[in-house]
Amino acid sequence: MASTSRVRAASGGGKIVEVEPERLPRWVENFATRNGGIASHRADGDAWTIESNEGMSASVTWTLAGGLPAGWLLDDDPLKAAAHLRDYALEPRRIAVLLARKGAYSVGILQDGRVQASKTDTAYVQGKTKAGGQSQQRFARRREGQAHAAEKRARDAVFAVLGNAEFDALVTGGPVEGILEDPRLTGLKPAVHFGDIAEPKAALLTATAYRAIGFAVRLSV
(Lines give C-alpha, C1' and ligand atoms only; values in the text may rest on other atoms or scores of the structure.)
Protein backbone atom coordinates (compact mmCIF):
# COMPACT_ATOMS: atom_id res chain seq x y z
CA MET A 1 0.00 0.00 0.00
CA ALA A 2 1.21 3.51 -0.74
CA SER A 3 2.75 5.50 2.08
CA THR A 4 0.20 7.35 4.23
CA SER A 5 2.52 8.50 7.04
CA ARG A 6 1.25 11.41 9.10
CA VAL A 7 3.11 13.81 11.36
CA ARG A 8 1.50 15.92 14.09
CA ALA A 9 2.59 17.97 17.07
CA ALA A 10 2.64 16.10 20.39
CA SER A 11 1.14 17.59 23.53
CA GLY A 12 3.96 18.69 25.80
CA GLY A 13 6.40 19.12 22.91
CA GLY A 14 7.98 17.01 20.22
CA LYS A 15 6.07 15.39 17.40
CA ILE A 16 4.29 12.15 16.62
CA VAL A 17 4.96 10.26 13.40
CA GLU A 18 2.63 7.50 12.22
CA VAL A 19 4.70 4.67 10.74
CA GLU A 20 3.19 1.92 8.61
CA PRO A 21 3.82 -1.58 10.01
CA GLU A 22 6.07 -2.79 7.18
CA ARG A 23 8.21 0.34 7.43
CA LEU A 24 9.10 0.12 11.14
CA PRO A 25 12.50 -1.66 10.77
CA ARG A 26 13.59 0.77 8.03
CA TRP A 27 12.33 3.71 10.10
CA VAL A 28 14.43 2.56 13.09
CA GLU A 29 17.45 2.10 10.84
CA ASN A 30 17.04 5.64 9.47
CA PHE A 31 16.54 7.01 12.99
CA ALA A 32 19.87 5.48 14.01
CA THR A 33 21.65 6.89 10.94
CA ARG A 34 20.31 10.40 11.48
CA ASN A 35 21.08 10.50 15.20
CA GLY A 36 24.50 8.97 15.63
CA GLY A 37 23.40 5.40 16.31
CA ILE A 38 21.25 3.86 19.05
CA ALA A 39 22.60 3.99 22.60
CA SER A 40 19.87 1.86 24.22
CA HIS A 41 16.32 0.61 23.88
CA ARG A 42 13.83 -0.73 26.40
CA ALA A 43 10.24 -1.65 27.09
CA ASP A 44 8.83 1.45 28.79
CA GLY A 45 5.26 1.01 30.04
CA ASP A 46 3.13 0.39 26.95
CA ALA A 47 5.86 1.71 24.63
CA TRP A 48 9.21 0.74 23.18
CA THR A 49 11.67 3.56 23.84
CA ILE A 50 14.80 4.06 21.74
CA GLU A 51 17.55 6.45 22.85
CA SER A 52 20.06 7.72 20.31
CA ASN A 53 23.70 8.61 20.98
CA GLU A 54 22.87 12.25 20.22
CA GLY A 55 20.08 12.50 22.80
CA MET A 56 17.05 12.01 20.56
CA SER A 57 14.34 9.75 22.01
CA ALA A 58 11.73 7.77 20.06
CA SER A 59 8.82 6.22 21.93
CA VAL A 60 7.02 3.61 19.81
CA THR A 61 3.47 2.47 20.56
CA TRP A 62 1.23 0.14 18.60
CA THR A 63 -1.87 2.04 17.50
CA LEU A 64 -4.37 -0.81 17.74
CA ALA A 65 -3.92 -1.62 21.43
CA GLY A 66 -2.05 -0.59 24.53
CA GLY A 67 0.93 -2.69 25.42
CA LEU A 68 3.63 -4.31 23.34
CA PRO A 69 5.06 -7.82 23.73
CA ALA A 70 7.94 -6.78 25.98
CA GLY A 71 9.80 -10.08 25.67
CA TRP A 72 10.43 -9.37 21.99
CA LEU A 73 11.98 -6.02 22.83
CA LEU A 74 14.82 -7.43 24.92
CA ASP A 75 16.89 -8.41 21.89
CA ASP A 76 20.22 -6.56 21.91
CA ASP A 77 19.69 -5.62 18.27
CA PRO A 78 16.95 -2.95 17.98
CA LEU A 79 16.46 -3.77 14.31
CA LYS A 80 15.52 -7.34 15.25
CA ALA A 81 13.15 -5.99 17.87
CA ALA A 82 11.57 -3.74 15.23
CA ALA A 83 11.19 -6.74 12.91
CA HIS A 84 9.40 -8.66 15.68
CA LEU A 85 6.99 -5.76 16.15
CA ARG A 86 6.40 -5.51 12.41
CA ASP A 87 5.53 -9.20 12.23
CA TYR A 88 3.25 -8.89 15.25
CA ALA A 89 1.36 -5.97 13.72
CA LEU A 90 0.90 -7.86 10.44
CA GLU A 91 -0.52 -11.03 11.97
CA PRO A 92 -3.92 -11.99 10.48
CA ARG A 93 -6.77 -10.10 12.14
CA ARG A 94 -10.44 -9.49 11.57
CA ILE A 95 -11.06 -5.76 12.03
CA ALA A 96 -14.35 -3.87 12.07
CA VAL A 97 -14.34 -0.25 10.94
CA LEU A 98 -17.01 2.42 11.43
CA LEU A 99 -16.64 5.88 9.90
CA ALA A 100 -19.04 8.83 10.06
CA ARG A 101 -19.00 12.42 8.83
CA LYS A 102 -21.70 14.97 7.91
CA GLY A 103 -24.52 12.53 7.22
CA ALA A 104 -22.25 9.98 5.55
CA TYR A 105 -21.15 6.67 6.99
CA SER A 106 -19.21 3.58 6.02
CA VAL A 107 -19.06 0.40 8.04
CA GLY A 108 -17.38 -2.88 7.27
CA ILE A 109 -15.45 -5.92 8.39
CA LEU A 110 -12.01 -6.60 6.95
CA GLN A 111 -10.11 -9.88 7.07
CA ASP A 112 -6.39 -9.47 6.41
CA GLY A 113 -7.06 -6.11 4.75
CA ARG A 114 -9.86 -7.32 2.48
CA VAL A 115 -13.45 -6.15 2.92
CA GLN A 116 -15.72 -9.09 3.78
CA ALA A 117 -18.96 -7.15 4.36
CA SER A 118 -19.77 -3.45 4.24
CA LYS A 119 -22.39 -0.73 3.84
CA THR A 120 -21.74 2.85 2.76
CA ASP A 121 -24.19 5.71 2.25
CA THR A 122 -24.29 9.48 2.04
CA ALA A 123 -27.40 11.39 3.14
CA TYR A 124 -28.03 15.06 2.48
CA VAL A 125 -28.03 17.16 5.63
CA GLN A 126 -28.74 20.84 5.02
CA GLY A 127 -26.10 23.29 6.15
CA LYS A 128 -26.71 26.17 8.53
CA THR A 129 -28.49 29.24 7.18
CA LYS A 130 -28.02 32.94 7.86
CA ALA A 131 -31.75 33.59 7.49
CA GLY A 132 -33.53 34.89 10.57
CA GLY A 133 -36.93 34.57 12.25
CA GLN A 134 -39.33 31.89 11.10
CA SER A 135 -37.17 30.99 8.11
CA GLN A 136 -34.24 30.15 10.39
CA GLN A 137 -36.45 28.04 12.63
CA ARG A 138 -37.90 26.20 9.63
CA PHE A 139 -34.43 25.49 8.25
CA ALA A 140 -33.24 24.33 11.69
CA ARG A 141 -36.14 21.89 12.03
CA ARG A 142 -35.53 20.55 8.54
CA ARG A 143 -31.82 20.16 9.21
CA GLU A 144 -32.49 18.39 12.52
CA GLY A 145 -34.93 16.02 10.83
CA GLN A 146 -32.42 15.22 8.08
CA ALA A 147 -29.67 14.58 10.65
CA HIS A 148 -31.89 12.25 12.70
CA ALA A 149 -32.91 10.32 9.58
CA ALA A 150 -29.27 9.96 8.49
CA GLU A 151 -28.23 8.75 11.94
CA LYS A 152 -31.04 6.18 12.00
CA ARG A 153 -29.93 4.77 8.64
CA ALA A 154 -26.37 4.61 9.92
CA ARG A 155 -27.42 2.82 13.11
CA ASP A 156 -29.42 0.26 11.13
CA ALA A 157 -26.47 -0.34 8.78
CA VAL A 158 -24.01 -0.78 11.65
CA PHE A 159 -26.31 -3.27 13.33
CA ALA A 160 -26.77 -5.17 10.05
CA VAL A 161 -23.01 -5.45 9.45
CA LEU A 162 -21.59 -5.67 13.00
CA GLY A 163 -24.48 -6.59 15.26
CA ASN A 164 -23.90 -10.34 15.22
CA ALA A 165 -20.42 -10.44 13.71
CA GLU A 166 -17.18 -11.63 15.27
CA PHE A 167 -14.05 -9.53 14.98
CA ASP A 168 -10.83 -8.84 16.87
CA ALA A 169 -11.14 -5.07 17.20
CA LEU A 170 -13.38 -2.14 16.28
CA VAL A 171 -11.75 0.96 14.75
CA THR A 172 -13.81 4.15 14.45
CA GLY A 173 -13.38 7.51 12.78
CA GLY A 174 -15.31 10.77 12.95
CA PRO A 175 -18.36 11.56 15.15
CA VAL A 176 -19.67 8.04 15.75
CA GLU A 177 -20.89 8.58 19.34
CA GLY A 178 -24.53 9.11 18.33
CA ILE A 179 -24.52 5.95 16.24
CA LEU A 180 -23.05 3.80 19.01
CA GLU A 181 -25.65 5.06 21.50
CA ASP A 182 -28.18 2.76 19.81
CA PRO A 183 -29.21 0.14 22.42
CA ARG A 184 -28.53 -2.62 19.88
CA LEU A 185 -24.87 -1.49 19.65
CA THR A 186 -23.93 -1.12 23.32
CA GLY A 187 -21.48 -4.02 23.05
CA LEU A 188 -19.37 -2.23 20.44
CA LYS A 189 -16.34 -0.66 22.11
CA PRO A 190 -13.76 1.07 19.88
CA ALA A 191 -10.16 -0.04 20.35
CA VAL A 192 -8.92 2.92 18.28
CA HIS A 193 -10.59 6.19 17.30
CA PHE A 194 -9.37 8.65 14.67
CA GLY A 195 -10.96 12.07 15.04
CA ASP A 196 -10.12 13.63 11.67
CA ILE A 197 -11.16 11.58 8.65
CA ALA A 198 -12.02 12.16 5.02
CA GLU A 199 -15.45 11.55 3.48
CA PRO A 200 -16.50 8.00 4.49
CA LYS A 201 -16.21 5.70 1.50
CA ALA A 202 -15.65 1.99 1.06
CA ALA A 203 -11.99 2.58 0.11
CA LEU A 204 -11.44 4.46 3.37
CA LEU A 205 -12.40 1.34 5.34
CA THR A 206 -9.30 -0.43 4.07
CA ALA A 207 -7.05 2.60 4.63
CA THR A 208 -8.34 3.06 8.19
CA ALA A 209 -7.88 -0.60 9.13
CA TYR A 210 -4.33 -0.43 7.79
CA ARG A 211 -3.66 2.79 9.70
CA ALA A 212 -4.85 1.12 12.89
CA ILE A 213 -2.23 -1.65 12.76
CA GLY A 214 0.62 0.82 12.32
CA PHE A 215 2.82 2.47 14.93
CA ALA A 216 2.80 5.91 16.51
CA VAL A 217 6.30 7.21 17.28
CA ARG A 218 6.77 10.17 19.60
CA LEU A 219 10.03 12.00 18.98
CA SER A 220 11.58 14.25 21.60
CA VAL A 221 15.00 15.55 22.65
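Quick look at the values:
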quantity	calculated
Sequence of Phe159, Phe31 from largest to smallest accessible area, 1.4 Å probe	Phe159, Phe31
Probe 1.4 Å, all protein chains present, accessible-area order of His41, His193, largest first	His193, His41
Rounded accessible area of Thr61 (nearest 10 Å², 1.4 Å probe)	40
Environment charge at Asp182 (Cβ cut-off 15 Å; Lys +1, Arg +1, Asp -1, Glu -1)	+2
Net charge of Cβ neighbours under 12 Å - reference Arg8; Lys, Arg +1; Asp, Glu -1	+1
Ranking by accessible area, most exposed first, for Val221, Val28 with a 1.4 Å probe	Val221, Val28
Local electrostatic count at Glu199 - Lys and Arg +1, Asp and Glu -1, tallied over other residues with Cβ under 9 Å	+3
For Arg42, solvent-accessible area (1.4 Å; no DNA, RNA or ligand), Å²	100
Exceeding the 18 Å Cα-Cα cut-off - candidates Lys119/Lys152; Lys15/Lys189; Lys102/Lys152	Lys15/Lys189
Area of Glu18 that stays accessible when all protein chains are in place (1.4 Å probe, Å², to 10)	20
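The values are calculated or read from the model by the stated rules, or taken from the named source; none is laboratory data. Keep in mind that what you see is a predicted model, and the values were worked out from it rather than measured. All Cβ positions, even for glycine, are placed from backbone atoms using ideal geometry, and neighbour counts span all protein chains on display. Remember, those area values only see protein heavy atoms, side chains included, never the ligands or the DNA or RNA. Shrake-Rupley method; radii C 1.70, N 1.55, O 1.52, S 1.80 Å.
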